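One structure is given below, encoded as structure tokens.
The values are calculated or read from the model by the stated rules, or taken from the named source; none is laboratory data. From a predicted model like this one, the values you see are computed outputs, not experimental measurements. Cβ placement follows ideal geometry from the backbone for every residue including glycine, while neighbour counts extend to all protein chains displayed.
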Amino acid sequence: MDAHSSILSPPSPTLTSYGVAFVSLRDNLDLSTPSGRLMFHVVAAMAEFERELIRERVRAGLANARSKGVTLGRRRTAVDAATVARLRSEGSWAEVCRKLDLSKGTAQRAAQSVAEDVIAKRVAD
């Protein structure tokens, strides 16, 4: 079994009542015996432990990067918000996205920033 063996669970009680048991010939694991079930639980516990160690290391690495000021994640696409707003006034979001090769979310975020700027100017006046 590999590191993802925790995905595998022993047969359900209903299958067991019909005499169905999991037997792995490659790993020499027979869940119809007490020792096989014990080994299954040990392997599953080790896989869970390994997964948690990886998770802990990843979180520590991310925290370390943040503390050094590293910006994480994908860079935002540079968008001319005025162009997005102009195209949106002329057509649908699908047309705007197709013409500018943007996702709908990116185009809407740009349009929202234009709307917020307009509102801020009105409030300031």
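Which of the residues spanning segment 70-112 are closer than 30 Å to A60 by Cβ and of a type in the set (K, R)?
If we filter segment 70-112 for residues that are closer than 30 Å to A60 by Cβ, which is where we start, we get 70-76.
Listed by number, the residues that qualify are R74, R75, R76.
Wholly within segment 12-102, which helices (runs of 4 or more DSSP H) include no fewer than the required count, namely at least 3 residues that are in the same structural domain as S113 (by TED's automatic domain parsing), within 30 Å of D117 (Cβ to Cβ) and of a type outside the set (A, V, I, L, M, F, W, C)? Spell out the reasoning first.
Working: elements: 13-17, 34-67, 81-90, 93-100.
Output list reads 81-90, 93-100.
Given V58, V96, which one is touching a helix residue (DSSP H, G or I) at 6+ places or on another chain (Cβ under 9 Å) and more than 30 Å from N28 (Cβ to Cβ)? Before the answer, list the steps.
Details: V58 fails: touching a helix residue (DSSP H, G or I) at 6+ places or on another chain (Cβ under 9 Å).
Just a single option satisfies the conditions, and that option is V96.
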